[in-house]
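The values are calculated or read from the model by the stated rules, or taken from the named source; none is laboratory data. Nothing here was measured: the structure is a model prediction, and the numbers come from that model. All Cβ positions, glycine included, derive from the backbone under ideal geometry; neighbour counts span all protein chains shown. Ligands, DNA and RNA are excluded from the accessible area calculation, which covers all protein heavy atoms including side chains. Shrake-Rupley method; radii C 1.70, N 1.55, O 1.52, S 1.80 Å.
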Amino acid sequence: MKILGIETSCDETSAAILDDDRLKSNIILSQLDVHRAYGGVVPELASRAHIQAIVPIIREALAEAGIAKNAVDGIAVTYGPGLIGSLLVGLNVAKGIALSLKKPLIGVNHIEGHIFANALEHPQLKPPFLALVVSGGHTQLVDVKDWGEYTIVGKTIDDAAGEAFDKVAKLLGLDYPGGPEIDRLARNGNPEFVKFPRAWMGSRNFNFSFSGLKTAVLTYVELQTDEFIRDHLADIVASFQEAVVDVLLEKSRKALVALKYHQVALAGGVARNWALRNAFVQMGKKNRVDVFLPGAEFCTDNAAMIAKVGQFYLEKGVVSPPTLDANPSLKLSVAAPSATGV
Ligand code: KG4
Ligand code: ZN
């Protein structure tokens with residue numbers, strides 16, 4: 001079964017071809033250069049950049065895979081959550097292709113896509129397992145009872161983990177997006193230099209809060225001289241990163257115990273973080289938990305993970321109606337596209 005996956009929910013334009021278990025292409029065009037000067041994603045610019053890139057990116061995905069568009073069995077596209085203008089670009093193109101080729105359309109939940117990124121590389125991963133979704137917009141602990149069957153057991157009550165990385169980087173004058181910058185700098189820093197607060201919020205609670213940590217970094221920085229910040233930049237970001245990792249790790253460990261699971265999968269852009277990956281691998285060894293990490297390319301937004309979800313639903317005969325609308329605040333519990341024929 002050959003699936004064309006399309007992803008345009010935020011600031012990456014991506015198209016992929018998945019042929020059964022073989023990922024034939026996964027073309028990703030990042031809009032970083034479009035948004036960098038603004039220190040964050042500008043929604044209108046994102047939509048326009050998607051409009052310009054989407055057709056050439058799909059052509060490239062087909063060409064690299066070496067298949068004709070008629071050979072595609074279904075078109076999987078992210079329909080939420082994300083930026084409405086960005087989502088509409090991908091969804092409309094997907095609908096046009098589905099209509100002209102008379103092929104089924106499968107609307108995909110972006111968060112479900114992030115979780116499925118693990119299935120691309122780790123076929124041995126079988127539910128039930130715990131997923132920690134850490135991206136720029138989401139921080140959730142998900143009980144994956146089965147593929148397609150999710151219960152959110154914990155989530156952030158304020159900033160997402162990636163958002164905290166980006167905001168702290170910004171207040172330190174680092175480039176956007178801040179996550180990779182902090183990750184790079186922190187490798188040469190002392191994570192115990194500053195003891196930033198950890199919001200545990202009660203031991204039986206799996207929710208997260210990162211806005212207090214961000215404020216603590218701001219307050220700390222405001223009390224230091226510019227020279228001190230410059231000299232200890234790596235130590236400060238390493239200390240901040242350690243606080244984020246500690247909370248993500250400890251809450252995940254507790255959720256694993258509560259659910260009696262021995263498998264955890266990381267998902268989303270922050271899952272690229274070296275310290276986070278390392279901490280989970282160590283925890284796994286200590287607690288006899290199997291830790292699943294997507295490769296870097298499959299942590300951040302990509303169409304391969306969307307194609308993988310599309311394949312799962314199409315195999316079950318679940319497809320979306322041609323009236324499918326984009327939903328910027330789509331929840332994971334309604335991940336499955338409604339079942340009708342195209
Ligand atoms: O999953 P993603 O590509 O987009 C969303 O769906 O949000 O995640 C982007 C987020 C950004 O906040 C970015 O700073 C963060 O992932 N990120 C990282 C790293 N690479 C990307 N955060 C920490 N360490 C990294 N290496
Ligand atoms: Zn994402």
TODO: Could you rank Ile3, Ile28 by how accessible they are, 1.4 Å probe, largest area first?
DONE: Ile28, Ile3
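Counting only heavy atoms of the protein chains, get the accessible area per residue of the stretch 126-295 (1.4 Å probe) and round it to a whole Å² value. List each step's numbers first, then the result.
Numbers: 7810 Å² over 170 residues.
Using a 1.4 Å probe on heavy atoms only, each residue of the stretch 126-295 averages 46 Å².
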Open item on the list: As I understand it, the dipole of the stretch 126-295 uses +1 on the Cβ of Lys and Arg and -1 on the Cβ of Asp and Glu, about the Cα centre. Which of Phe240, Ala169, Ile229 lies farthest toward its positive end?
Closed with: Phe240
TODO: Once you have the Cα-Cα distance between Glu297 and Asp73, take 0.36 nm times their residue separation minus that, and quote the gain in nm to one decimal.
DONE: 78.2 nm
TODO: With unit charges on the beta carbon (Lys/Arg positive, Asp/Glu negative), name the residue among Ser135, Ala160, Phe206 whose Cα is farthest towards the positive pole of the charge dipole of the stretch 126-295.
DONE: Phe206
TODO: Output ³J(HN,Hα) for the stretch 271-287: one whole-Hz value per residue in order, computed from phi by the Karplus curve 6.51 cos²θ - 1.76 cosθ + 1.60 with θ = phi - 60°, and x for Gly and Pro.
DONE: 5, 6, 4, 4, 5, 5, 4, 4, 4, 5, 4, 4, 4, x, 4, 5, 9
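Between Trp200 and Tyr220, what is 0.36 nm times their sequence separation minus the Cα-Cα distance? Round to one decimal in nm. Don't skip to the answer; put the middle values down first.
On the way: separation 20, 0.36 × 20 = 7.20 nm, distance 2.04 nm.
Here the segment from Trp200 to Tyr220 would lengthen by 5.2 nm.
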Task: Relative contact order (%) - criterion: Cα under 8 Å, at least six apart; region: the stretch 196-278 - done: 34 percent
Task: Per residue accessible area in Å² of the stretch 78-123, where ligands, DNA and RNA are left out and the probe is 1.4 Å - done: 30 Å²
Open item on the list: What is the ratio of the Cα radius of gyration of the chain to 2.2 N^0.38 Å, with N the residue count, to two decimals?
Closed with: 0.99
Task: 5 angstrom amide H check on Lys155, placed H, neighbours 5+ away - done: Leu141, Asn207, Phe208
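Quantify, in whole percent, the carbon and sulfur part of the accessible surface of the chain (1.4 Å probe; protein heavy atoms only). If you can, show how the numbers build up before the last one.
Details: 7820 of 14720 Å².
That fraction is 53 percent.
Order 225-231, 190-196, 265-271 from most to least packed using the mean count of other Cβ atoms within 10 Å. Show your work: numbers first, answer last.
On the way: 225-231: 10.6, 190-196: 15.7, 265-271: 27.7.
Top to bottom by mean Cβ count within 10 Å: 265-271, 190-196, 225-231.
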Task: Residue-averaged [θ]222 nm for the chain, counting only DSSP H segments that reach four residues, each worth -39500 (n - 2.57) - done: -14000 deg cm²/dmol
- [ ] Ignoring everything but the protein chains, give the 1.4 Å probe accessible area of Arg48 in square angstrom, nearest 10.
- [x] 140 Å²
- [ ] Would you work out the charge dipole size for the stretch 128-255 about its Cα centre, treating the Cβ of every Lys and Arg as +1 and the Cβ of every Asp and Glu as -1, and quote it to the nearest 20 debye?
- [x] 440 debye
Open item on the list: Let's see if you can work this out: charge +1 on each Lys and Arg Cβ, -1 on each Asp and Glu Cβ, no other charges. What is the dipole magnitude of the chain about its Cα centre, in debye to the nearest 20?
Closed with: 940 debye
- [ ] Starting with the highest mean, order 289-296, 234-241, 162-169 by the number of other Cβ atoms within 10 Å, averaged over the residues of each peptide.
- [x] 162-169, 234-241, 289-296
Open item on the list: Net charge around Ser135, counting only other residues with Cβ within less than 10 Å of its Cβ (Lys, Arg = +1; Asp, Glu = -1)?
Closed with: -2
Open item on the list: Just want to confirm a number: the relative contact order over the chain, from Cα pairs under 8 angstrom separated by 6+ residues, in percent.
Closed with: 25 percent
Open item on the list: Please give the charge dipole size of the stretch 59-218, origin at the Cα centre, charges +1 on K and R Cβ atoms and -1 on D and E Cβ atoms. Round to the nearest 20 debye.
Closed with: 160 debye
Task: Top positive-direction residue, dipole computed over the chain with Cβ charges, set Tyr79, Gly310, Leu125 - done: Leu125
